[in-house]
Amino acid sequence: MREYRLLVAAGLVFVQLSDKHDNGFAGVIDKLCKDRLIVPGFTIKVRTPAEMVVENAFDENHFGPVHGISVSGAFGARPSESGELAVDAVVNSAGLGAQALARRTEDYPQDRVPRLVLARGNYFGYAGRPVFSRLVYPAPRIDGGLGTHVTLDLAGRMRFGPDVEWIDEENYNVNPERAKSFYASIRRYWPALPDNSLQPDYAGVRPKLTGPGEPAADFMIEGPAHHGLPGLVHMFGIESPGLTSSLSLADEVVTQLDAGSISA
Ligand SMILES: Cc1cc2nc3c(=O)[nH]c(=O)nc-3n(C[C@H](O)[C@H](O)[C@H](O)COP(=O)(O)OP(=O)(O)OC[C@H]3O[C@@H](n4cnc5c(N)ncnc54)[C@H](O)[C@@H]3O)c2cc1C
């Protein structure tokens, strides 16, 4: 998850959207606040990417980003810079944010945090009438994924994907140029796919633990028996089939929380 620098001053929230240059804005506001009373005169609604809402908790009733995990004294999660919540156990299942949160876990050995490799999965939608009534999964041939399979949405429309595109930063834009490779792989099992029938649809980003050409890594579930901190489980690399395996994953987490049940 991308994190944005925030400045909260005089009841106003400023979000720094780009790190490209620092124009000294924070310093100016800071100076103004020292010798002036600033009264916000109006509020405006803003449109913003969902990840910014989640990370910065604009709506704290629904989205409480965890800024850190402390283990000294009462075991707890820090849902804001200033607040702390005492709990019996913390399960870090933050997906793409799991490594960042693990790094912000007090006393957690930093060298246990695995690298995070981002692999975008793009989907293309089919513009015409559906020709398949079932999901079609070709035998996997691509590095890092299951191959370009056919899915059907709730309205019965056909969608193809996901492919595997290794990326450096979290970004969900589908590059229309990738349609070329989709036509080629879909025509392996549907040679009659018409030209110009695919449109960019949506994308998801996998939190992988290994990169291109490397053998796929298994899910990494780090419980007390691995790192020695009771009541803490970090879940890394929960990509596909994480959803399908969610009940088994939950069982494993409960087992690991029962300290000592797994040898390091
Ligand atoms: C393209 C694609 C196709 C897939 N297809 C399948 C499939 O067919 N079958 C299948 O089983 N699985 C599939 N998966 C995998 C599946 O989506 C994941 O395994 C599953 O979503 C993992 O669930 P999770 O709860 O661990 O993480 P996520 O669903 O990633 O949820 C993590 C949540 O934590 C939040 N978060 C992050 N940092 C913080 C923080 N500091 N504080 C608070 N919240 C935070 C995030 O905003 C997010 O809401 C697919 C994934 C992709 C990308």
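Computed from the coordinates by the stated procedures, all read-outs in this text should not be read as laboratory data. None of the values given here were measured: they were computed from a predicted structure.
Multiplying each eigenvalue of the alpha-carbon gyration tensor of segment 85-149 by 5 and taking the square root yields semi-axes of 39, 16, 11 Å, largest first, rounded to whole angstroms. In this structure the amide hydrogen of VAL90, modeled in the peptide plane, comes within under 5 Å of the amide hydrogens of LEU232, VAL233, none closer than 5 places in sequence on its chain.
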